[in-house]
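What follows is a set of notes on a single structure, which appears directly below.
The values are calculated or read from the model by the stated rules, or taken from the named source; none is laboratory data. Bear in mind that the values here come from a model prediction, so they are computed numbers and not experimental data. Glycine gets a Cβ as well: all are built from the backbone with ideal geometry, and neighbour counts include every protein chain shown. Keep in mind that these areas ignore ligands, DNA and RNA; they rest on the heavy atoms of the full protein, side chains included. Shrake-Rupley method; radii C 1.70, N 1.55, O 1.52, S 1.80 Å.
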Amino acid sequence: MAEMNSPKRMVIVVGARPQFIKAAALHRTLKSAKNWETIWVHTGQHHDEALSKQFFKELSLPQPQVTLSPTSSSRELRMGDMMHGVREVIRKAKPDWMLVFGDTDSTLAGAFAASAEGVPLIHVEAGLRSHLWSMPEEVNRVLTDRLSSILICPTDSAVLHLKREGITHVEGDSPHPSRPWVIRTGDIMHDNAIHFGSSWPEIDRGRGRILLTLHRPSNVDNPNLLRRWLNSTGAWLEKVGLEATFPVHPRTANVLENNLPAWRKELRDNSIFTTNPLGYLDLLQAVCQAPLVLTDSGGVQKEAYSLGTRCVVLRGTTEWVEQVEREQSALAHGPEDLDKLATTMLNKGRFKTDDLYGTGQAANDILRCLEKV
Ligand code: UDP
């Protein structure tokens, strides 16, 4: 146990929208932890109002001590910029630990920097796998896990994936001096959904518009495929007499802008109402009010679970397989699957959320483990 008068220093790296949300749950817990001094680094991966600034405001996140501005034009050079920037922070701050979340380029850049500087790494949301090497996120998460000393898993399947890859020290309740330590907690995004979403009135639930989000490169970078997803959604909405809200990610908006000049009107004519990316609380509320969520986002899929809304995942695979096994989510491998699956899931109706991702205390459990190192 660390001495009360000598707090451990931890660099926490965030940089993309889902990480701000994950970080919020940990921050609520860490801010009263006397044993930890934190240095927040924002890699600048997402930096505008819609994908970054509004989350700092509404989730009461601390202003990062360091904000990087990766300016290079290609992905690998931007990762290099981020890695270089984080290394500089480590050299100056000399932290005892570094912590990264999830599977973005910021995650891997942080992990490389920690490894290069010999700082032990904590990975929150370790062990998730899509088994698809074509996904940049899969590469980011597998490599980050290999570089981590503490691997915090949100599900049993995540622990199992690590075990299959030879990362096995889950026994007992204490770290091992020379082997990575695998910890099973709940999921910190679920903590947030419970924290912010549990007190809304029952009357709101499931009575609003369908929520649609699409942003994965594999779905939106090909304009024809994107169009097919939107056409399938529009046709299904017409059949069931419902409307959808579609907060459009900048990447998706860019493709639509370049390929379909009147896209907002065309979508509106098909009962799909576009908005700018929503803030977190509005997004949660939209999930809660939706009779069904259609999404390719892992985070939104989980929020649907946390708020008892069924979900069709617009991907052929998911890291959150337990929801599919329980038929709370279903996988649409392509636009042609949407009609049947959306109808089936809509007819199943809302469900009661249980403790699949814990009881909203994952961040406290993480902190309890960190007190042992
Ligand atoms: N999100 C949001 N506004 C939106 C869409 C998403 O606040 O308009 C939040 C949502 O809470 C979700 C998180 O962003 O959990 C996930 O980010 P994203 O979909 O970009 O990443 P992924 O979950 O696919 O990694």
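Couple of notes before you dig in:
- So Asp173, is it in a helix (DSSP H, G or I), charged (D, E, K, R) and either modelled with pLDDT of 95 or more or open to solvent by 20 Å² or more (accessible area, probe 1.4 Å) (or both): no
- Restricting Leu237, Leu212, Leu225 to residues that are touching a strand residue (DSSP E or B) at 6+ places or on another chain (Cβ under 7 Å) and touching a residue at least 40 places away in the same chain (Cβ under 8 Å) narrows the list to Leu212.
- Some residue of the stretch 320-327 being within 13 Å of the ligand (Cβ to nearest atom) and touching a Leu at 6+ places or on another chain (Cβ under 7 Å): no
- Within the stretch 108-151, the set of residues being of a type in the set (Ser, Thr, Tyr) and closer than 21 Å to Asp221 by Cβ comprises Ser130, Ser134.
- Residue within the stretch 80-93 that is open to solvent by 60 Å² or more (accessible area, probe 1.4 Å), over 21 Å from Leu367 (Cα atoms) and within 16 Å of the ligand (Cβ to nearest atom) present: no
- Leading residue by the ranking (least open to solvent (accessible area, probe 1.4 Å)) among those in the stretch 94-140 that are in contact with a helix residue (DSSP H, G or I) (Cβ under 7 Å, 6 or more places away or on another chain), aromatic (Phe, Trp, Tyr) and more than 12 Å from the ligand (Cβ to nearest atom): Phe112
- Among the residues of the stretch 9-63, the ones that are β-branched (Val, Ile, Thr), open to solvent by 10 Å² or more (accessible area, probe 1.4 Å) and over 16 Å from Thr104 (Cβ atoms) come to 3 in all.
- In the condition set (1) in a loop (DSSP other than H, G, I, E, B); (2) within 16 Å of the ligand (Cβ to nearest atom), Ser52 is compliant with all but (1).
- The sole residue among Val300, Val287 that is among the β-branched types (Val, Ile, Thr), open to solvent by less than 10 Å² (accessible area, probe 1.4 Å) and assigned to a helix (DSSP H, G or I) is Val287.
- Leu294 touching a helix residue (DSSP H, G or I) at 6+ places or on another chain (Cβ under 7 Å), near the ligand (Cβ under 10 Å from one of its atoms) and open to solvent by less than 50 Å² (accessible area, probe 1.4 Å): no
- Leu278 passes every criterion in (1) in a loop (DSSP other than H, G, I, E, B); (2) open to solvent by 10 Å² or more (accessible area, probe 1.4 Å); (3) closer than 17 Å to Pro217 by Cα apart from (3).
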